[in-house]
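The numbers here are math on the coordinates, done by the rules we state, and not lab data. Because the structure is predicted, anything quoted here is derived from the model rather than measured. Here Cβ is always computed from backbone atoms with ideal geometry, including for glycine, and neighbour counts include all displayed protein chains.
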Amino acid sequence: MRILITGSAGHLGEALSRKLSERGNEVIGLDICESPFTQIIDSVMERNAVRRAMKGIDSVLHVATLHKPHVGTHGSQDFVDTNITGTLNLLEEAVSAGVKCFVFTSTTSVFGDALIPPPRAPAAWITEEITPVPKNIYGVTKASAEDLCHLFYRNEKLPCIVLRTSRFFPEEDDDPQVREAYADENVKANEYLYRRVDIEDVVSAHFLALRHGPRIGFRRYVISATTPFLREDLRDLRSNALSVVHRRFPDYKAEYQRCNWKMFPVIDRVYVNERARSELGWTPRYDFRYVLERLKADEDFRSPLARLIGSKGYHAKTFTEGPYPLK
């Protein structure tokens, strides 16, 4: 299969390029940055470059984007140009080229303020049925790009699968209070309970989307580690998350004490991946139980792929106030 990957120099783009090439696929990488996984150095905003890249392509993995960390360094028009116009260019050229499947890497950030329950309410149970309420230009443009994918499926019969991925970046948390209160690995371990996924599992979800996309047509999926929580846990998660985690994992306290780690006292949302597991046959390997078992063995709980790719960052410069400036 001949596959176009946009954003091939990035964190996920490199991971997809590596794994698809290992499986014998011909991968064409498109990115504005030079890398060993980029054959075409250009932008998704440039229609002629997209047209050239699309020649002979069977499927598209559209990963390129301006991310949330760019909100403080880029203007709103930059987000519209890259995330909306760039996606439109790719969709139109994919139709012209007869592409069989288009997979769009979206984000749980599209849910925005829908992730935050009102005071004294239970934690939010986040499935694909939740209506997004984007709270910044990043979320707005990703939601709009999702809608473009839906439009091209309806009007042009282009199979489009949207994968709303939760956190898998290796960089530190952007919240200075979180960075001050918790070790970075502690934060990421906690997040596997409700809002994080390993990049190796993200890659496997993309593979399944490519395989099943032509049959499914159009669908949105939440891509996050399988949560151990149930709906009956939601009220307690909002008031006393420690008791819920201890109920589900009686052995966690000993390992956390040994590491001098802490559990979050409050968990306000839970990402639910049931649709992806049921319809795509996705079986994510990396969850909170896996984290605990690696801690017991004094091993790194990141996947081999996550360790191989490491951190790429989002900017060419560093910032004194944190991993990236907030806005």
>> Multiplying the sequence separation of ARG154 and SER76 by 0.36 nm and subtracting their Cα-Cα distance, what value in nm do you get?
In response: 25.3 nm
>> Which of rounded, prolate or oblate describes segment 1-95 when judged by the alpha-carbon gyration tensor and an a/c cut-off of 1.5?
In response: oblate
>> Show me, for segment 78-91, the HN-Hα J-couplings you get by feeding each phi into the Karplus relation (A = 6.51, B = -1.76, C = 1.60, θ = phi - 60°), rounded to Hz, glycine and proline as x.
In response: 4, 5, 4, 4, 6, 7, 9, 4, x, 5, 4, 4, 5, 5
> How far apart, in nm, are the 7 Å Cα→Cβ label points at ASN260 and ARG275?
Replying inline: 4.4 nm
> Using a basic spin-label model with each label point 7 Å from the Cα along Cα→Cβ, how many nm lie between GLU129 and GLU34?
Replying inline: 5.2 nm
> Hey, rough spin-label estimate for GLU46 and THR283, points 7 angstrom out along Cα→Cβ, what's it come to in nanometres?
Replying inline: 4.4 nm
> In the neighborhood of GLU185, defined by Cβ-to-Cβ distances under 11 Å, what is the net charge if each Lys or Arg adds +1 and each Asp or Glu adds -1?
Replying inline: -1
> Roughly how many debye, to the nearest 20, is the charge dipole of the chain about its Cα centre, given +1 on each Lys and Arg Cβ, -1 on each Asp and Glu Cβ, and no other charges?
Replying inline: 720 debye
> Which ³J(HN,Hα) values, rounded to whole Hz and listed in residue order, are derived for segment 220-236 from phi using the Karplus coefficients 6.51, -1.76 and 1.60 in 6.51 cos²θ - 1.76 cosθ + 1.60 with θ = phi - 60°, glycine and proline given as x?
Replying inline: 9, 9, 7, 10, 8, 4, 5, 6, x, 7, 10, 4, 5, 8, 4, 5, 5
> Among (1) 47, 44, 42; (2) 56, 39, 39; (3) 63, 40, 37, which one is Cα extents along the principal axes in Å computed from these coordinates?
Replying inline: (2)
>> I want the antiparallel fraction of DSSP beta bridges within the chain, as a percent rounded to 5.
In response: 5 percent
> Mean residue ellipticity at 222 nm from the helices of the chain, using -39,500 (n - 2.57) per DSSP H segment of n ≥ 4 over the full residue count, to the nearest 500 deg cm²/dmol?
Replying inline: -11500 deg cm²/dmol
> HN-Hα J couplings of segment 42-59 from phi, Karplus 6.51/-1.76/1.60, θ = phi - 60°, integer Hz, Gly and Pro as x?
Replying inline: 6, 10, 5, 6, 8, 4, 5, 5, 5, 4, 5, 5, 7, 4, x, 7, 8, 9
>> Check which residues have an amide H placed less than 5 Å from PHE218's amide H, if you skip close sequence neighbours.
In response: CYS160
>> Quick check: Cα centre of segment 224-289 to Cα centre of segment 127-164, how many Å?
In response: 27 Å
>> Let's see if you can work this out: charge +1 on each Lys and Arg Cβ, -1 on each Asp and Glu Cβ, no other charges. What is the dipole magnitude of segment 3-101 about its Cα centre, in debye to the nearest 20?
In response: 240 debye
>> Distance cut-off 30 Å, Cα to Cα: go down the list LYS68/LYS253; LYS19/LYS188; LYS142/LYS253 and report the pairs above it.
In response: LYS68/LYS253; LYS142/LYS253
>> Given an 8 Å cut-off on Cα distances and at least 6 residues of separation, report the relative contact order of segment 7-126 as a percent.
In response: 23 percent
> What trypsin sites (Lys or Arg not before Pro) in segment 81-176 are in a loop by DSSP, with at most 13 other Cβ atoms within 10 Å of the Cβ?
Replying inline: ARG120, LYS157
> Of PRO228, THR85, SER43, whose Cα points farthest to the positive end of the dipole of the chain (charges on the beta-carbon: +1 Lys, Arg; -1 Asp, Glu; origin at the Cα centre)?
Replying inline: PRO228
